[in-house]
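The structure under discussion appears below in the form of structure tokens.
The values are calculated or read from the model by the stated rules, or taken from the named source; none is laboratory data. Predicted model only: the values in this text are computed from it and were never measured. Note: ideal-geometry Cβ built from the backbone for every residue, glycine included; neighbour counts use all protein chains shown. Keep in mind that these areas ignore ligands, DNA and RNA; they rest on the heavy atoms of the full protein, side chains included. Shrake-Rupley method; radii C 1.70, N 1.55, O 1.52, S 1.80 Å.
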Amino acid sequence: MADFHLTSREYHPENTIIEVGGAAVGDGGLALIAGPCSIESEDQIVRIAKAVKAAGATMLRGGAFKPRTSPYTFQGLEAEGLEYLIKAGREAGLPTVSEITDETQLDLFGDIDIIQVGAKNMQNFGLLHALGKVPQPILLKRGFGCTYEEVLSSAEHIMAAGNERVILCERGIRTFETYTRFTFDVSSIPSLKTLTHLPVIADPSHPAGRYELIEPLSLAAVAAGADGLIIEVHDRPDEALCDAEQALKPDKFESIVEKALKVKAAV
Ligand code: PEP
Ligand code: MN
């Protein structure tokens, strides 16, 4: 793979380990990133941060800039949301992960530990180049119409621009199936892990689209070799302003954590 000097395992046989705020991704353990789809209030994110920490999460997620399909749905609390996320992460003792949708937001992300690029922005090359200049690791989600090679090319853009700390994330692709929100492509995990030294995690929440499928998809991802999971958790799913149908309660997340750690140990 001549065009993949930075991402290819050919040039870098050892796994890349990404360390952030006392947590690691790709070190042979399981990174467990959990939290709500979107930050809705200070109280909500602090409550959920403490609940996911108690359930075994190693990092806290929460969206402040939401790339919603409709302009008439909740778009996120933006700068205010990031402040609440940082506070919640500090109170719970968890590093934070949040999605950026435009490079003009970068100044607001200084205290966020991992910057997420969403599926819809995987090929926003201007954004990828800007993220090549930041000190934080980047969580790059697979575009739902993108091949493995395209995922790696996007990672290559970030790395060539100067940031070698990239985590890849499978989050489902668009197929003809409509029962699930997207089709979880479990093959991407061992395929990407063969092609690249970068860590590969899985998001079972967005392909499932329904909370009852999240446990089996999580366990399948870990069995396939995922370095971690990013799962949407809300303690009051009925009140969630975004992705309510796929929101898991903290006790259910805790039982997934227990089983996922056993599957990880078995493989
Ligand atoms: C999210 O993580 O909330 C999200 C919007 O995910 P994706 O970019 O994978 O759709
Ligand atoms: Mn979501």
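Per-residue answers, yes or no, for (1) β-branched (Val, Ile, Thr); (2) within 18 Å of Lys193 (Cα to Cα):
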| residue | (1), (2) |
| --- | --- |
| Ile17 | yes, yes |
| Ala23 | no, no |
| Gly29 | no, yes |
| Gly35 | no, no |
| Asp43 | no, no |
| Lys50 | no, no |
| Gly56 | no, no |
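Here are some residues: Val97, Val134. Which one is closer than 26 Å to Pro36 by Cα, out of contact with any helix residue (DSSP H, G or I) (no Cβ under 8 Å at 6 or more places or on another chain) and at pLDDT 95 or above? Step by step, each of Val97, Val134 is checked, and only Val97 is closer than 26 Å to Pro36 by Cα, out of contact with any helix residue (DSSP H, G or I) (no Cβ under 8 Å at 6 or more places or on another chain) and at pLDDT 95 or above. Could you go through the stretch 152-161 and let me know if any residue there is under 29 Å from Lys264 (Cβ atoms), modelled with pLDDT of 95 or more, within 16 Å of ligand 1 (Cβ to nearest atom) and part of a loop (DSSP other than H, G, I, E, B). So far as the stretch 152-161 goes, no, none of its residues is under 29 Å from Lys264 (Cβ atoms), modelled with pLDDT of 95 or more, within 16 Å of ligand 1 (Cβ to nearest atom) and part of a loop (DSSP other than H, G, I, E, B). Could you check, for the stretch 79-95, whether at least one of its residues is within 16 Å of ligand 2 (Cβ to nearest atom) and within 20 Å of Glu245 (Cβ to Cβ)? Within the stretch 79-95 (the criterion being within 16 Å of ligand 2 (Cβ to nearest atom) and within 20 Å of Glu245 (Cβ to Cβ)), the answer is no, since none of the residues qualifies. Do we have any residue at all in the stretch 185-197 that's assigned to a helix (DSSP H, G or I) and basic (Lys, Arg)? Within the stretch 185-197, one or more residues are assigned to a helix (DSSP H, G or I) and basic (Lys, Arg). Using the structure shown, decide if Asp185 is open to solvent by 10 Å² or more (accessible area, probe 1.4 Å), modelled with pLDDT of 95 or more and under 22 Å from Lys53 (Cα atoms). In short, no. Within the stretch 129-174, being of a type in the set (Val, Ile, Thr) and under 23 Å from Ala24 (Cβ atoms) holds for Val134, Ile138, Val151, Ile158, Val166, Ile167. The set of residues in the stretch 120-146 that are more than 16 Å from ligand 1 (Cβ to nearest atom) and either open to solvent by 50 Å² or more (accessible area, probe 1.4 Å) or among the charged types (D, E, K, R) (or both) comprises Phe125, His129, Lys133, Pro135.
Ala260 meets each of the listed conditions (1) open to solvent by less than 30 Å² (accessible area, probe 1.4 Å); (2) in a helix (DSSP H, G or I); (3) within 16 Å of ligand 1 (Cβ to nearest atom) apart from (3).
What about Thr178, is it β-branched (Val, Ile, Thr), more than 16 Å from the chain's Cα centre (by Cα) and either assigned to a helix (DSSP H, G or I) or within 15 Å of ligand 2 (Cβ to nearest atom) (or both)? No; evaluated as a whole, the condition is false for this residue. Considering only residues in the stretch 192-211 that are touching a residue at least 40 places away in the same chain (Cβ under 8 Å) and away from ligand 1 (no atom under 15 Å from the Cβ), the one that is nearest to Gly35 (Cα to Cα) turns out to be Pro199. Among the residues of the stretch 233-253, those identified as within 15 Å of Glu215 (Cβ to Cβ), more than 16 Å from ligand 1 (Cβ to nearest atom) and of a type outside the set (Asp, Glu) are Lys249, Pro250, Lys252.
Looking only at the stretch 222-245, filter to residues that are part of a strand (DSSP E or B) and of a type in the set (A, V, I, L, M, F, W, C); which one of those is farthest from ligand 2 (Cβ to nearest atom)?
Once the filter is applied, the top-ranked residue is Leu229.
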